[in-house]
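The values are calculated or read from the model by the stated rules, or taken from the named source; none is laboratory data. Source: prediction; values computed, not measured. Reconstructed Cβ throughout: ideal geometry from the backbone, glycine too, with neighbour counts over all protein chains shown.
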Amino acid sequence: MPDQTTQSTPNKEVSVVTLAAIEAARATLQGTIVPTPLLPSDRLSSDVGGRIFVKAENTQRAGSFKLRGAYTRMCALSPDERRRGVIAHSAGNHAQGVALAARLLGIPATVVMPEYAPLAKVAATRRYGANVILHGASFDDAGAYARTLQQQQGLTYVHAFDDPLIVAGQGTVGLEILEQLPEVSTLLVPVGGGGLIGGIAVAVRARKPGVRIIGVQAEGCPSVLLSLAAGEPVSVPQARTIADGIAVKRPGNVTLPLIRELVDEVITVDDDEIARAIVYTLQHLRLVTEGAGAVGVAALLAGKVRPQPDEQVCVVLSGGNIDANFLARVIEQVLVKQGRYVVLHTSVPDRPGNLARLLRYAADEGANVIDIQHRRAAWQVPLDRTGIELILEVRDEEHGRAVISRLEEAGYCIERVGAGEYPG
C-alpha cells in the first residue's frame, strides 16, 4: 500500500471519485450488469504459488467491464442530452459498452473507431445498434474526429476513462471483489487509460486499505509508467501491442492522480507473455480472454509478481472480445513455444515417394501432420532436391525431440524453427 504517512491532503482529482459515488453507481447498475463470477484456479495456483482467483469480467454483458462505466455515465444525462444522443471513440470494448448502454436507455449513439479496429468488435458494436464510423489510422485520430462530430452535431461525449462517473461505474468491480473474496491481499488489474484500476483502487482503499494493488500495462504502450515518472500525463509516440484494449497512448487527468495516490505498483508485460497468457487461460481456466484481459495472468506466469504461499490473489480478466482468426494465430504460435507444435525444415530427393517416406517416419513416432509445404527456389536447395517445411503436432517437448531424433537417425538433416521455450 502507498505510504499514507508521507501523503498530504488527497489530490483534488482523487477526491472527485469517492466510495459514495461508486456505491451510487452500483445502485444505478442493479439489474443491468451481471455481477461477474470470481473463480478459483487450482492450476494457476499450483504453477505460480499462492491462492489465485480470477474476476471474470470477460463474461460481462458486451464482453468486458466497459458497460459499467458507460451505463453509469449515460444515466446521468439530461432529457435534452438523451434526445440529441451521445458519441464516443474506441478501439473496441468501450464502443460495445456505449452501444449497449445506449440501446438499453433508448439513446442514439455514434461511435468512431479507427480503421484498424478488430472486425469482430466493429460488427458487435453495430449489432448493438450504434452508428459506427471508421476513421483514422489510430485511436487518437478517431478521437479527434469524434470531437469534431460532437461539436457539429451537439452530441454528448462519453469518454472511455477520463470521467468521474465512468470511473465510478468501473469501481463497482472492486466492490464485488471485496464481497466475493473478503481476504484478498493482492489485486492485479489491467491498465490502459486507468479508469478500471482507478475505480477499483478507490473502492478497495476505502473498504480494505491494506490490499496491494498492482497495475499491469502492455510493454508496447507504457503510457502510465512514463506519466508517473513525468509527474503528469504524457503520450507515448506509438502503441505496438496485441493488447489493443489497453493500447492507450495517454492516461487521463482524472485517472493518473488516482493511480499515483492509490496504486502500489505498475508493471509491464510483453506481447509474447500476453500471448502465452491468452492460451493458458483458454487451456487451464476454460475462459476466453483478449490480450488486455490476460495481462494479469501474464505477469504471474512471467514471474513478475510472486505470491506468498497462502496469499489470496485476485486477477481481473477485464475482457474477452478477441477476434477468432487472431485467437487461432495466437494459439498456433504459443503451441510452437510450448513444444506442442514442432516446425521443421528439411529436404528430400525430388522424386516420387520420398515425401511419403519422410511422413511415415514421423507417423511411426506418433506425430500428427498439421501442415506441409514444398520449398524449392526460396530455400536454394540443390536442384535435385525439394525443401520441406513440416508442422507436426506432438504430445509435448520431449515427444517432439524424440520425433526429431528419429528423423535424423533416418538420414534427414533437420532444422527446427521456434524450439519450445516454456511449459504448457
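Structure values in brief
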{"quantity": "Test: Leu196 is within 15 Å of Arg68 (Cβ to Cβ), assigned by TED's automatic domain parsing to the domain that holds Arg26 and touching a residue at least 12 places away in the same chain (Cβ under 8 Å)", "calculated": "yes"}
{"quantity": "Residue ranges of helices (runs of 4 or more DSSP H) in segment 114-190 with at least 3 members under 30 Å from Gly49 (Cα atoms)", "calculated": "164-180"}
{"quantity": "Restricting segment 374-414 to residues that are in contact with a Lys or Arg (Cβ under 9 Å, 6 or more places away or on another chain) and of a type in the set (Val, Ile, Thr), the residue that is farthest from Asn354 (Cα to Cα)", "calculated": "Val394"}
{"quantity": "Among residues of segment 60-102, those that are among the small types (Gly, Ala, Ser) and not in a loop (DSSP other than H, G, I, E, B), counted", "calculated": "11"}
{"quantity": "Yes/no for Asp310 being under 21 Å from Leu181 (Cα atoms) and of a type in the set (Asp, Glu)", "calculated": "yes"}
{"quantity": "Test: Glu265 is under 18 Å from the mean Cα position of the chain (by Cα), modelled with pLDDT of 95 or more and not polar (S, T, N, Q)", "calculated": "no"}
{"quantity": "Residue match in segment 84-93 (condition: at pLDDT 95 or above, of a type in the set (Lys, Arg) and either touching a Ser or Thr at 6+ places or on another chain (Cβ under 8 Å) or over 30 Å from Ala299 (Cα atoms) (or both))", "calculated": "yes"}
{"quantity": "Number of the condition not met by Ala130 [criteria: (1) within 17 Å of the chain's Cα centre (by Cα); (2) buried (at least 21 other Cβ atoms within 10 Å of the Cβ)]", "calculated": "(1)"}
{"quantity": "Residue that is in contact (Cβ under 8 Å) with a residue 40 or more places away in the chain, surrounded by fewer than 24 Cβ atoms within 10 Å (Cβ to Cβ) and charged (D, E, K, R), where the choices are Glu232, Glu183, Glu179", "calculated": "Glu183"}
{"quantity": "Failed item, numbered, when Gly63 is tested on (1) within 30 Å of Gln312 (Cβ to Cβ); (2) touching a Ser or Thr at 6+ places or on another chain (Cβ under 7 Å); (3) crowded, with 23+ Cβ neighbours inside 10 Å", "calculated": "(2)"}
{"quantity": "Residue under evaluation Ala298, criteria (1) closer than 23 Å to Ser223 by Cβ; (2) surrounded by fewer than 22 Cβ atoms within 10 Å (Cβ to Cβ), criterion not met", "calculated": "(2)"}
{"quantity": "Ala24 vs. criteria in contact with a Ser or Thr (Cβ under 9 Å, 6 or more places away or on another chain), in the same structural domain as Gly195 (by TED's automatic domain parsing) and within 18 Å of Ala201 (Cα to Cα)", "calculated": "yes"}
{"quantity": "Residue list for segment 215-229, restricted to those being in contact with a strand residue (DSSP E or B) (Cβ under 8 Å, 6 or more places away or on another chain) and surrounded by 22 or more Cβ atoms within 10 Å (Cβ to Cβ)", "calculated": "Gly215, Val216, Gln217, Ala218, Ser223, Val224"}
{"quantity": "Residue within segment 76-84 that is among the polar types (S, T, N, Q) and either out of contact with any helix residue (DSSP H, G or I) (no Cβ under 7 Å at 6 or more places or on another chain) or assigned by TED's automatic domain parsing to the domain that holds Leu188 (or both) present", "calculated": "yes"}
{"quantity": "Residues of segment 95-110 satisfying the condition of being closer than 12 Å to Ala62 by Cα and of a type in the set (S, T, N, Q)", "calculated": "Gln96"}
{"quantity": "Total residues in segment 323-338, condition free of Cβ contacts under 8 Å to residues at least 40 places away in the same chain and surrounded by 22 or more Cβ atoms within 10 Å (Cβ to Cβ)", "calculated": "0"}
{"quantity": "Unmet requirement for Thr268, which otherwise passes all of (1) in contact (Cβ under 8 Å) with a residue 24 or more places away in the chain; (2) part of a loop (DSSP other than H, G, I, E, B); (3) crowded, with 20+ Cβ neighbours inside 10 Å", "calculated": "(2)"}
{"quantity": "Any pair with Cβ under 9 angstrom, 6 or more apart, that starts in segment 273-294 at a residue that is among the aromatic types (Phe, Trp, Tyr) and ends at one that is in a helix (DSSP H, G or I)", "calculated": "Tyr280/Arg43; Tyr280/Leu44; Tyr280/Asp47; Tyr280/Ala294; Tyr280/Val297; Tyr280/Ala298; Tyr280/Leu301; Tyr280/Val334"}
{"quantity": "Members of segment 38-80 that are within 27 Å of Gly97 (Cα to Cα) and of a type in the set (Lys, Arg)", "calculated": "Lys55, Arg61, Lys66, Arg68, Arg73"}
{"quantity": "Single match in Gly143, Gly171 (criterion: at pLDDT 95 or above and out of contact with any Asp or Glu (no Cβ under 7 Å at 6 or more places or on another chain))", "calculated": "Gly171"}
{"quantity": "Residue satisfying condition, being within 14 Å of Val254 (Cβ to Cβ) and in contact with a helix residue (DSSP H, G or I) (Cβ under 9 Å, 6 or more places away or on another chain), within set Gly220, Gly198", "calculated": "Gly198"}
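The rows are residues; the columns are (1) outside the structural domain of Ala124 (by TED's automatic domain parsing); (2) touching a residue at least 24 places away in the same chain (Cβ under 8 Å); (3) more than 25 Å from Ile274 (Cα to Cα).
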residue: Gln312; (1), (2), (3): yes, yes, no
residue: Asn321; (1), (2), (3): yes, yes, no
residue: Ser347; (1), (2), (3): yes, yes, yes
residue: Asp350; (1), (2), (3): yes, yes, yes
residue: His374; (1), (2), (3): yes, no, yes
